[in-house]
Structure formats: C-alpha cells, structure tokens
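What follows is a short report on a single structure.
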C-alpha cells in the first residue's frame, strides 16, 4: 500500500515539474516579447527606417517589368518514358544565364531578348493512385516514395513548368522547348521504333483478318458429313454444328482499333495537348512581397537595435 502511494506521489511530482517548466518557459517568452516591444519603442525611428527601406525594396522587386509568372502544361510522351525525358530535361533545369554554354539562349537557340526573360524550367512526375492510367497528382515536391508500389509514377507523361517574365513571349519559348526535346536523337529513335511497332501490329491484324475471313467462308459453306451418334439415349443423325470465327475477328478488331488510336497520337516524341497555361497571379506580386518586406524588415530592424543597445558590451568584450 505504501509502495503504491509512493508511485502516485512520484507521478504527481513529475506532472507538477512539467507544469512548472511550461509556466517558466511561458513567462520567459512573454518577458522576451515585452523586452522586444520596449526595445522597438525605444528605437522606433531605426525600426521605422529599416521597415520603410525594406518595403521600398520589396515593391521595387515586384515592379511590373520584373514580375514572374508560372506557365504549366502536361506533356504527353510518345516512345520515350518519363525517366528518359526527365534526364534530358536536367540540362534545362540547371542553366546559368551568366555562362554562354549552359544558358537558355544556348540550349534553346533563342535570342538573348527572349532567353533573359526565362527565369527557370522544371519537370515533375505525375502520380497515378488507382493504376487506371489517369493522372491524379503532380509531384511538385519530387519526394514520391520509391518503395510505393500502389501509387505509381506515370511513364507516358510529365508536368512542365516554365517561369517567365513576359507572357507574350511564351509561344516562342514553347516552340523552342518542343524543338529541344523532339530533336533529341535518343528520343527520336525510341519514337520511330514504337511507331513502327504499331504500324506492324496493324498490318498483322489486317493479314490475319483476311486469313480468318477466307477460312470462315470455306468452313461455313463446306458440306458436313452425315454422322450418327447417341446423346442421352437419343440417336442423332447429321450434326450440323459449325465452328464460328467471330471471337477471333472481334479480338483482332479490338487490337487493330487500339493500335490505330495510338498511332494517330504519334506525331512527335513530346506533345502538349493544351499548350502552356499561364497563372495570372505573379510569383512576386506586390501584396506577397509587401508582407515579406514587413516581416523581414522588422526582424532586421530588431537585430540592428539589439546590436545598438548592447554596443558598449560588445566593445568591452572585443577590447578584453
């Protein structure tokens, strides 16, 4: 009984210590906030100047000529798989405007007047949750688990994202991107092989359909020999059952229809069904950058006034 009471007391003491720790931390946070408020009021001019400078700089970065827009499109791949195109796109994702060899102007064969307005290019995998060949999610974080065997990365498509300053130049950039991918030798080879495979499949279906059709005509109009047999104690004379070939013909027709449907899409290795769609809300809008300017400006102002308030202590520390 005494042992149980001892355990209960220890548990109560532990809970009390935890509560005391939370209360102490809460008081420390409140005291710190109070000190920062008093410090801000004491150096309100310095805080105000730093805030004003940050807001002005933020609005300067968000001026109309420097606004950046996201343009996105679903890229359908014919021949090559998503991983291959992802590897090829790394040269565009890792560009450097200051280097003439790896800039957008060099990679996409664009004039500098257009290339300088391209801020960045990225590709993202598309996730299929139900294995029904329907795109369910774009993996913008690029953190899809490699061990996930249920939610798979789709092999026949990628999501393209371009960051651009001047929306009017987007059609030229889109044409340059398609030219870059569709002129790649590896992708062209895989595209031609897959296209030839579909053409051969259609030709085989046509040949087999003609053969089965000829065989059906012979079988359907061929005289069947009279036969005698017993079935459930009944004498059957001349069974007239014939083999029908419509199952084989329907199966061949399904294969041919699917192949023709796929072949109609094989126009180029990479195709954008809906072109790039621009998000009208800029990445660096005035409201967004204004909020960032206030937060960063106040934090920077606090850092400056803390240094000013402890300037004597800092000098003493450096002298010693």
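Any read-out appearing in this document is the output of simple, stated calculations on the displayed coordinates, not a laboratory observation. Here the structure is a predicted model, which means the values were calculated and not measured. When we count neighbours, we look across all protein chains shown, and the Cβ atoms used for this are built from the backbone with ideal geometry, even at glycine.
By the beta-carbon count within 10 Å of each Cβ, the least crowded to most crowded order of 191, 22, fewest first, is 22, 191.
Taking the centroid of alpha carbons for each part, region 152-204 and region 37-110 are 25 Å apart.
Legend: ranking of residues 72, 93 from fewest to most surrounding C-beta atoms inside 10 Å; resulting order 93, 72. Treating the angle as unsigned and between 0 and 90°, give the value, to the nearest 10°, between the Cα long axis of helix 44-61 and the longest Cα principal axis of the chain. It is inclined by approximately 30 degrees.
Peptides 103-113, 246-256 ranked from most to least packed give 103-113, 246-256, packing being the mean of other C-beta atoms within 10 angstrom over each peptide's residues. Normalising the average separation of contacting C-alpha pairs (under 8 angstrom, six or more residues apart) by the number of residues puts the relative contact order of the chain at 30 percent.
Over region 19-121, calculate the relative contact order: mean separation of alpha carbon pairs under 8 Å at least 6 apart, over the residue count, as a percent. Can you show the working numbers first?
Numbers: 30 pairs, mean separation 12.5, N = 103.
So the answer I get is 12 percent.
GNM, the chain, Cα, under 10 Å: largest mean-square fluctuation among 94, 31, 279? Its mean-square fluctuation being the largest, the pick is 31.
For the chain, give the share of DSSP beta bridges that are antiparallel, in percent and rounded to the nearest 5; count only bridges with both residues there.
Working: 25 of 25 bridges.
Counting DSSP beta bridges with both partners in the chain, the antiparallel share is about 100 percent.
Only Cα pairs under 8 Å and 6+ residues apart enter the sum, and on that basis the relative contact order of region 75-125 stands at 31 percent.
With runs of 4+ DSSP H residues as the only contributors, calculate the mean residue ellipticity of the chain at 222 nm using -39,500 (n - 2.57) per run, divided by the residue total and rounded to the nearest 500.
Numbers: 10 runs with 183 residues, N = 320.
Mean residue ellipticity at 222 nm (helix-derived): -19500 deg cm²/dmol.
What whole-number distance in Å separates the alpha-carbon centres of region 304-320 and region 129-149? Result: 54 Å between the Cα centres.
Relative to the dominant Cα principal axis of the chain, helix 286-309 is inclined by about 30°.
Fully extended, how many nm does the chain gain between residue 138 and residue 27 (0.36 nm per residue separation, minus their Cα-Cα distance)?
Numbers: separation 111, 0.36 × 111 = 39.96 nm, distance 4.50 nm.
Full-extension gain reported as 35.5 nm.
Taking the longest Cα principal axis of the chain as reference, the axis of helix 185-221 is set at about 30 degrees.
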